[in-house]
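These notes concern the structure reproduced below.
The values are calculated or read from the model by the stated rules, or taken from the named source; none is laboratory data. Not measured: the values here are computed from a predicted model. Backbone-built Cβ (ideal geometry, glycine too); neighbour counts: all protein chains shown.
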Amino acid sequence: MTPHQATQHIVLVGACYLDTILRQGTSVPRYPQEDEKLRATEQQVRRGGNCPNSLQVLQQFLAAEGALASPPAIETQLHLVSPLPQRDSPATEQILASFGRGPSPPVDFDHCLFRAGHMTPASCYVLRSAATGSRTIVNSNTLPDMTVREFTAIVGAMTGRAAGERGHASTGRNAGRWWWHFEGREPATTLACMRVLRQELGESVQISVEVEKPGREGLRALAAEADVAFFSKSWAEDCGYTSSEACLLGERPARATVGAGDTFIACVLYGLAHRCVWLNREAVLGFAVDTATLKVQREGFDELATDALANSKHQLHPNSAR
C-alpha cells in the first residue's frame with residue numbers, strides 16, 4: 001500500500017457466542033418431548049455469533065487475495081466490537097483464538113468490551129433434528145450490553161487511532177474509509193449508534209444492518225437509517241412478501257444452515273466495502289448467494305472462500321476507486 005492510500009476499515013458490531021451443538025450422527029434423531037431422554041453421540045463447541053461468523057469468512061477472502069494475479073491495492077483492516085467476558089478468562093481466550101493465526105489477516109479486538117468480573121460468555125445451545133431438519137436454539141447471555149456512551153467512545157478511539165497510526169494528521173479523525181455493520185439485536189441502541197456514526201464520520205462512513213427477527217419493534221427504523229439492509233426470510237414472510245418460483249428451483253438438501261446468512265453478509269461486505277468490485281451489484285449478490293449455497297452443503301467455514309472463488313461464475317475485478 002502506498003503512503004497516500006487510505007485503509008478500508010470494516011467494523012462488525014454484534015454479539016459473540018460459544019455454540020454447543022448436540023447431534024447424533026448429523027443431529028439428534030428428533031426434537032425431544034418433555035421429560036424424554038435422547039442420546040447425542042457427538043457434541044461440538046465452537047465460536048458463533050452472526051458478526052464473528054461473517055468476520056471469519058471475510059478473513060478467508062482477504063487471505064485468498066494473495067493468490068490473485070492482480071490483488072487489490074487497498075489494505076483492509078477487520079474489527080470486531082462485541083461485549084466479551086473478562087480479558088484473561090478462558091472463554092475469551094478461546095473466542096479470540098478461534099479467528100486463527102498465520103496467513104489469516106488479523107482481526108482487531110482492541111475495542112471489544114471486556115466485562116470485568118464476568119467469566120461466562122454468551123452461550124448458544126443448538127439441537128438439530130434429523131426427522132425434520134429443524135434447529136432449536138436456546139441462548140443465554142449475562143454480559144451487559146453495549147451502551148451508546150461506550151460506542152461513542154469506541155468510535156472516537158478507533159478513528160483517532162487509525163488516523164494517527166497512518167500519519168494522516170491533516171485529514172483528522174476521518175482518515176480511511178469506514179464500513180460499519182450492525183447486528184440488529186437492540187434496535188433503540190443500534191439506531192442511536194448509527195446516528196453517532198453519521199454525526200462523527202459524515203459522508204465517509206457506510207452503514208449496513210441485519211434485520212432478522214420479525215415483529216421486533218424498531219427494525220424498520222434501522223433499515224431506513226442504513227445504506228444497506230439485510231432482510232431475513234422470516235422478516236420478508238412476516239411482511240407479506242412471497243418468493244418467485246425461480247427462488248425454489250434447483251434447491252439441494254442443506255447439511256448445515258447455521259452460518260449461511262452470516263456468509264451471505266460477509267460476501268456482500270467483501271464486494272461492496274472492500275472495493276474489490278465486480279461488474280455490478282447484481283454480480284455481488286449472485287456471488288453472495290452462490291457462496292451461501294456452498295456453506296449449507298458443508299459443516300463449518302473451513303476453505304469456504306477458496307472454494308467460492310474457484311467455482312464462482314462472477315469474475316472479480318480489482319478496483320481501487322469508485
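Going by the structure shown, is Val138 modelled with pLDDT of 90 or more and touching a Ser or Thr at 6+ places or on another chain (Cβ under 7 Å)? In short, no. Within segment 200-230, track down each residue that is within 21 Å of Ile154 (Cα to Cα), part of a helix (DSSP H, G or I) and of a type outside the set (A, V, I, L, M, F, W, C). Once the filter is applied, which keeps residues that are within 21 Å of Ile154 (Cα to Cα), part of a helix (DSSP H, G or I) and of a type outside the set (A, V, I, L, M, F, W, C), segment 200-230 yields Glu200, Gly202, Glu203, Ser204, Glu225.
If you scan segment 289-311, which residues turn out to be modelled with pLDDT of 70 or more and among the charged types (D, E, K, R)? Selection gives Asp290, Lys295, Glu299, Asp302, Glu303, Asp307.
Scanning segment 107-122 for residues that are surrounded by fewer than 18 Cβ atoms within 10 Å (Cβ to Cβ), in a loop (DSSP other than H, G, I, E, B) and either among the polar types (S, T, N, Q) or in contact with a His (Cβ under 7 Å, 6 or more places away or on another chain) (or both) returns a single hit, Thr120.
Pairs meeting the criteria (first residue in segment 218-240 and under 19 Å from Ala288 (Cα atoms) and modelled with pLDDT under 85, second residue surrounded by 13 or more Cβ atoms within 10 Å (Cβ to Cβ) and of a type in the set (Gly, Ala, Ser), beta carbons under 7 Å, at least 6 apart or on different chains) are Ser232/Gly261. In this structure, Thr159 does satisfy being touching a Lys or Arg at 6+ places or on another chain (Cβ under 6 Å), among the hydroxyl-bearing types (Ser, Thr, Tyr) and modelled with pLDDT under 95. Assess whether Gly100 counts as being in contact with a helix residue (DSSP H, G or I) (Cβ under 8 Å, 6 or more places away or on another chain), modelled with pLDDT under 85, of a type outside the set (Phe, Trp, Tyr) and surrounded by fewer than 18 Cβ atoms within 10 Å (Cβ to Cβ). So Gly100 passes the test. Would segment 191-198 turn up any residue that is under 18 Å from Val148 (Cα atoms), modelled with pLDDT of 90 or more and not in a helix (DSSP H, G or I)? Taking every residue of segment 191-198 in turn, none turns out to be under 18 Å from Val148 (Cα atoms), modelled with pLDDT of 90 or more and not in a helix (DSSP H, G or I). On the basis of being surrounded by fewer than 16 Cβ atoms within 10 Å (Cβ to Cβ) and either at pLDDT 95 or above or of a type outside the set (Phe, Trp, Tyr) (or both), does Pro90 make the cut? It is true that Pro90 is surrounded by fewer than 16 Cβ atoms within 10 Å (Cβ to Cβ) and either at pLDDT 95 or above or of a type outside the set (Phe, Trp, Tyr) (or both).
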